[in-house]
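This report concerns only the one structure given below.
The values are calculated or read from the model by the stated rules, or taken from the named source; none is laboratory data. Quick caveat, the model's predicted, so the values are computed rather than measured. All Cβ positions, even for glycine, are placed from backbone atoms using ideal geometry, and neighbour counts span all protein chains on display.
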Amino acid sequence: MSLFSSFWQPKKIRGGVHPEPRKAATSDRPIDVAFPMPAMLYLSLQQHVGQPAEPVVKVGERVLKGQLLAIGQGAISASVHAPTSGLIDDIMDYPSAHPSALPSPTLLLEPDGEDRWIDGLAEIDPFSLTPQEVCDRVGAAGVVGMGGAAFPSAVKLNLGRRTRIQTLLINGGECEPYLSCDDRLMRERAADIVDGINIMLHGLECNKAIVGIEDNKPQAYAAMCDAARPHGGKIEVAQVPSLYPMGWDKQLIRYLTDKEVPAGGRAADVGVLMHNVGTAYAVQQAIRFGKPLISRIVTVSGDAVRAPRNVEAPIGTPLADLLGFCGYQSEAVARYVMGGPMMGDALPHPNVPLVKGACGILALTETELAASDAKACIRCSRCVSSCPVGLLPLEMMTRIRAGQLEAAIGYGLKDCISCGSCSYVCPSQIPLVHYFKYASGELVSRQQAQHKAEQTKRLAEEKQARIDRYKQEQAALAAQRKAKSQQQKRGEAA
Amino acid sequence: MNRLLASAPFARSDSQVQAIMKWVMLALSPATLFGIFIFGWPALLLFAVTLLSALFFEAACLALAGRAVKPTLLDGSALLTGWLIGMSLPPWAPWWIGVVGSALAIIVGKQVYGGIGQNLFNPAMLARVALLVSFPLEMTTWIHPAPLFSASAPGLLESFAITFGGAAAADGMTGASLIGHVKTEFSQGHGLSEALNSGGYAFIKSFLGWRSGSLGETSSLLLIGGGIWLMRKKVITWHIPLSMLMTVALMAGLFNWIDAEHYPGPWFHLTSGGLTLAAFFIATDYVTSPNSATGQIIFGAGCGLIVYLIRTWGAYPEGVGFSVLLMNSLTPVIDHYIRPRIYGRDHKGRPLELP
């Protein structure tokens, strides 16, 4: 068996597609830091995975830049801070950055134009802090995964420290088309990122980090190599092939460390933790300078945008302002997308605020979408060879169309990462990922319905048991009373 | 706005069903034109009849099923099916052979299953085998190459009479295909070298396609060229063609090594009958072949094995059609058992153990 397995090394990369990069429009321009402060900032209390944050300021209160506005709740959550100084105008339900633009609790902050920081901001030496303090401060600064997942970073750091991870992987893949915010960040602020990586390593009590950068970003790679050189041996910068979805954490883990995360497990199970380059930068800002996460670099692109570029904008900026800043023609837009085109969310309109996890805002024209009506599947199996997970999308799709969701699970529905490679290559334009998302949602709601039915049944049974017990007790009491009165009667008779 | 995608990805590759069909037909064109050139006008007439009737039956079925005719008809799949049938017919067969073949392929082979993507068997091979079993005489009347405008070739009017009027080809024009000839010689107790000699076999002629055989399957050279071009275009992968050809070559090599007088060698097999056409263009049919790489290798090897078995010990001289159909029937089974390993799971689908 060992001989056999040594012959059949698992391939380092499976599947994947080469979508047209479309990055050139934004990757050669410097990050625009001159974005004017919007008239109003809309700070959603739910910008992260986990529980919404709870406001700690009142309507009408004056706040300073960097001041805590809402505090994270429970084990998985993140706090929200003021991106600038100003007045808390309202706390209300406002359309959120979600495909439905569903209104969600949002803090409205009216900037006062002074942009005055909170007091006591000073640079500190991060390495004088204990690892626990580093994690706590990352949490207090509201840092979440900047690559799109928006998972609270402190939770991940704590988990990594508890499980004694061996390698910290830094994801500079940025495999989604259009996006270049990580590319620009690495080119312009490599030293800060490397500093952030060192701080994370300190917080994790780990001494090995690998930065993975796709080989279509040679300048970013060179900049990061230069910045990491003084920390040789500790921080390694590696080039990875440009292939979507190279930035999928498990793909990058297998490529860079030869380890495969078991199904249902986490990266930490194989001794690896992965963070985005943007997160490393946010951690550096939070720990070294005490600046919470209040702004981010976002790629504004798409054919409907006249001057596409990367913009550093405060969290809570209405996307329409950002698009307007880059000169977009709203009549040419066929679809607004938050994130990249492969995995991002469609937005019904741009009047939603920028959130911490938004790496791109795209205004796509009809030509770019290249959408057409779905045709019959010809079983060409391009979806099979493009799937990075090793699923059979066409079989899953047929089962889901027939309503056999359980059978689709047998083909790996639950292992699907919704990367969109299958939909991308399908010559019949079948929206495969759409089917899988529908099926996963349907399975969850079925599970919930079943759970509810079980609960109802249990409650009904318990109620019946209570009634029965009560009846029995009543009967026993009645019998007791009867016996007693008979005894008395007998006593009187005697 | 609502007609457009509501869910990611918001980008599409430029591969389209129509383009795939177009490329396959382009790759088939050199071999087809060569076939029409060496077999003359009757071949062209038969080919045209087959194509047109395939389109007609497709349109009729779609209309009958109440589906939109135009988008499906224009995807090129019916045209390709007709094309493949045309290539696998004896070049001077009467017109109705082409029409019946198209009807069998489109109606029985494809539309009764529910149209494109739903059929279990390759429509063109289903038609070929059904025709061979039903009309053995018409389906085994082979013509010696008589190129267009050459002295021995029939003129256009004469050709109309051959294809549509049932006029018989001149005696000297017809003869057994080489693969059939060798088989007959074997049954009469002659050895291989003698059979090849009397059959006028020359490897280079066979490889170029200067031999009697079906309309479009004589030129191994042009078919291999077209197949390699399709691989470069990423329309097909190497798995099925290579495993099919290798299996035939290995079997032929093995038996030829054991007894050279009774078992023709690999070169003879690779340049005979419809093997190259089937390996690159028919066994690779998306709909009826397995969808994993490993499954495709098994499928191709199975096709090759059955071709060799039928050619060597079966009753028919050629076994390509049967072998593809038999392996088609195994495709669902192969797909059921041979699946790619899912990331983070072992081959049985259980999560990997932690190191």
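Of all the listed residues (A:Ala97, A:Ala34, A:Ala101, A:Ala82), the sole one being modelled with pLDDT of 90 or more, under 30 Å from A:Leu179 (Cα atoms), of a type in the set (A, V, I, L, M) and touching a strand residue (DSSP E or B) at 6+ places or on another chain (Cβ under 8 Å) is A:Ala82. Scanning the range A:255-266 for residues that are in contact (Cβ under 8 Å) with a residue 40 or more places away in the chain and at the interface with chain B (Cβ under 8 Å from one of its Cβ atoms), we see that the one that is farthest from A:Gly410 (Cα to Cα) is A:Glu260. If you go through the range B:173-207 and keep only what is surrounded by fewer than 17 Cβ atoms within 10 Å (Cβ to Cβ) and assigned to a helix (DSSP H, G or I), you end up with B:Thr184, B:Ser187, B:Ser193, B:Glu194, B:Asn197, B:Ser198, B:Phe203, B:Ile204, B:Lys205. All of (1) modelled with pLDDT of 80 or more; (2) more than 26 Å from B:Phe281 (Cα to Cα) hold for B:Gly166 with one exception: (1). Exactly one residue out of A:Val143, A:Val155, A:Val134 is among the aliphatic types (A, V, I, L, M) and farther than 27 Å from A:Met246 by Cβ: that is A:Val134.
Given the condition in contact with a Lys or Arg (Cβ under 6 Å, 6 or more places away or on another chain) and not aromatic (Phe, Trp, Tyr), answer yes or no: does some residue in the range A:92-113 qualify?
In the first step, residues of the range A:92-113 are kept if they are in contact with a Lys or Arg (Cβ under 6 Å, 6 or more places away or on another chain); the result is none.
For the range A:92-113, residues in contact with a Lys or Arg (Cβ under 6 Å, 6 or more places away or on another chain) and not aromatic (Phe, Trp, Tyr): absent.
Candidates are the residues of the range A:47-71 that are in a strand (DSSP E or B) and among the β-branched types (Val, Ile, Thr); the one that is farthest from the chain's Cα centre (by Cα) is A:Val63.
Filtering A:Gly50, A:Gly15 for residues that are in contact with a Cys (Cβ under 7 Å, 6 or more places away or on another chain), surrounded by 18 or more Cβ atoms within 10 Å (Cβ to Cβ) and of a type outside the set (A, V, I, L, M) leaves a single hit, A:Gly15. The set of residues in the range A:69-97 that are surrounded by 19 or more Cβ atoms within 10 Å (Cβ to Cβ) and over 15 Å from A:Lys356 (Cβ atoms) comprises A:Thr84, A:Ser85, A:Gly86, A:Ile88, A:Tyr94, A:Pro95.
Scanning the range B:94-133 for residues that are within 14 Å of chain A (Cβ to nearest Cβ) and not in a loop (DSSP other than H, G, I, E, B), which turns out farthest from B:Val333 (Cα to Cα)?
Start the filter on the range B:94-133 by keeping residues that are within 14 Å of chain A (Cβ to nearest Cβ), which leaves B:110-111, B:113-123.
Subset that is not in a loop (DSSP other than H, G, I, E, B): B:111, B:113, B:123.
On the way: B:Gln111: 23, B:Tyr113: 18, B:Pro123: 19 Å.
So, considering only residues that are within 14 Å of chain A (Cβ to nearest Cβ) and not in a loop (DSSP other than H, G, I, E, B), the one farthest from B:Val333 (Cα to Cα) is B:Gln111.
All of A:Gly142, A:Gly173 fail the test of being in contact (Cβ under 8 Å) with a residue 60 or more places away in the chain and either over 19 Å from A:Lys356 (Cβ atoms) or surrounded by fewer than 24 Cβ atoms within 10 Å (Cβ to Cβ) (or both), apart from A:Gly173.
From A:Cys383, A:Cys387, A:Cys377, which residue is farther than 24 Å from A:Ile31 by Cβ, within 7 Å of another protein chain (Cβ to nearest Cβ) and touching a residue at least 12 places away in the same chain (Cβ under 8 Å)?
On the way: A:Cys383 fails: within 7 Å of another protein chain (Cβ to nearest Cβ); A:Cys387 fails: within 7 Å of another protein chain (Cβ to nearest Cβ).
The unique qualifying residue is A:Cys377.
Residue count for the range A:80-111 under the criterion of being in a strand (DSSP E or B) and either in contact (Cβ under 8 Å) with a residue 60 or more places away in the chain or among the aromatic types (Phe, Trp, Tyr) (or both): the result is 12. Total residues in the range A:402-420 satisfying the condition of being within 7 Å of chain B (Cβ to nearest Cβ) and assigned to a helix (DSSP H, G or I): the figure is 1.
Name the residues in the range B:257-267 that are surrounded by fewer than 20 Cβ atoms within 10 Å (Cβ to Cβ) and not β-branched (Val, Ile, Thr), would you?
Taking the range B:257-267 first, the residues surrounded by fewer than 20 Cβ atoms within 10 Å (Cβ to Cβ) are B:257-262, B:265-267.
Residues satisfying the conditions are B:Trp257, B:Asp259, B:Ala260, B:Glu261, B:His262, B:Gly265, B:Pro266, B:Trp267.
The number of residues in the range B:337-355 that are surrounded by 15 or more Cβ atoms within 10 Å (Cβ to Cβ) and either part of a helix (DSSP H, G or I) or more than 9 Å from every other protein chain (Cβ to nearest Cβ) (or both) comes to 1.
Among the residues of the range B:124-152, those that are more than 26 Å from the chain's Cα centre (by Cα) and either crowded, with 20+ Cβ neighbours inside 10 Å or of a type outside the set (Ser, Thr, Tyr) (or both) comprise B:Phe149, B:Ala151. Contact map, the range A:421-432: residues that are within 12 Å of A:Tyr244 (Cβ to Cβ) and facing chain B (nearest Cβ under 8 Å) paired with residues that are of a type in the set (D, E, K, R) and assigned to a helix (DSSP H, G or I), Cβ distance under 8 Å, separation 6+ or inter-chain. Pairs shown: A:Val425/A:Arg382.
For the range B:288-305, the tally of residues that are surrounded by fewer than 24 Cβ atoms within 10 Å (Cβ to Cβ) and within 14 Å of chain A (Cβ to nearest Cβ) stands at 4.
Every condition in (1) within 14 Å of chain A (Cβ to nearest Cβ); (2) out of contact with any Gly (no Cβ under 7 Å at 6 or more places or on another chain) is met by B:Ile334 except one, and the failing one is (2).
Just give me the residues in the range A:24-46 being under 22 Å from the mean Cα position of the chain (by Cα) and part of a loop (DSSP other than H, G, I, E, B), in sequence order. Don't jump to the end; show me each part of the working.
At the first step, the residues of the range A:24-46 found to be under 22 Å from the mean Cα position of the chain (by Cα) are A:41-46.
A:Leu45, A:Gln46 - these are the residues of the range A:24-46 that are under 22 Å from the mean Cα position of the chain (by Cα) and part of a loop (DSSP other than H, G, I, E, B).
For a quick check of your reading of the model, give me the residue pairs whose first member lies in the range B:195-206 and is aliphatic (A, V, I, L, M), whose second is not in a helix (DSSP H, G or I), with beta-carbon atoms closer than 8 Å and at least 6 apart or on different chains. Note: pairs meeting the criteria are B:Leu196/B:Pro264.
Selection over the range B:18-50 of residues that are in contact with a Ser or Thr (Cβ under 6 Å, 6 or more places away or on another chain) and either surrounded by 24 or more Cβ atoms within 10 Å (Cβ to Cβ) or among the acidic types (Asp, Glu) (or both) gives a count of 4. Summed over the range A:217-242, the residues that are closer than 16 Å to A:Asp183 by Cβ and either modelled with pLDDT under 90 or crowded, with 20+ Cβ neighbours inside 10 Å (or both) give a count of 8.
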